[in-house]
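One structure below.
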Amino acid sequence: MREWLRALRGARTTTEIAKELGISQQYYSYIENAERQKNMDLQLCKKICKVFGITLADIAEYENAVAKEM
């Protein structure tokens with residue numbers, strides 16, 4: 001599970017974020033729950049950076065923390 005994505009999303013809905021990313025709400029939920037994009041591709045990472053105002057280094061750090069938990 002990607003709690004870091006949920007935390008960044010805050011009060012916004014998965015539908016709102018999905019729309020900003022240009023993907024379906026269901027697909028975004030899968031990403032947030034780590035059921036899809038277990039190794040997120042660069043294109044998606046760039047979009048997430050733009051939507052949430054973070055860097056690629058931030059995503060790498062978050063993902064490394066998630067990997068250590070598994």
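What helices does the chain hold that run 18 Å or longer along their axis, going by alpha-carbon atoms, with a Kyte-Doolittle average of -0.5 or more, using DSSP H for the helix calls? Intermediate values should be presented prior to the final figure.
On the way: long enough: 56-69 (20 Å, -0.21).
Flagged H segments are 56-69.
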key: the chain: Rg to Rh, with Rh as the Kirkwood radius over Cα pairs   = 0.92
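How large a share of the accessible area of the chain, in percent, is made up of carbon and sulfur atoms when the probe is 1.4 Å and the other protein chains stay in place?
On the way: 2320 of 4510 Å².
Using a 1.4 Å probe with all protein chains present, the chain comes out at 51 percent carbon and sulfur.
Under unit Cβ charges (Lys, Arg +1; Asp, Glu -1), what dipole magnitude, rounded to 20 debye, does the chain have relative to its Cα centre?
Working: 11 positive and 10 negative charges, 38 e Å.
Using only the charged Cβ atoms, the result is roughly 180 debye.
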query = Leaving out same-chain residues fewer than 8 places away, which lysines sit with a Cα under 25 Å from that of LYS68?
reply = LYS38, LYS46, LYS47
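The values are calculated or read from the model by the stated rules, or taken from the named source; none is laboratory data. Everything numeric in this text was worked out from a predicted model, so none of it was measured. With ideal geometry, Cβ positions are generated from the backbone for all residues, glycine too; neighbour counts draw on all protein chains shown. With ligands, DNA and RNA removed, areas are computed over all heavy atoms of the protein, side chains included. Shrake-Rupley method; radii C 1.70, N 1.55, O 1.52, S 1.80 Å.
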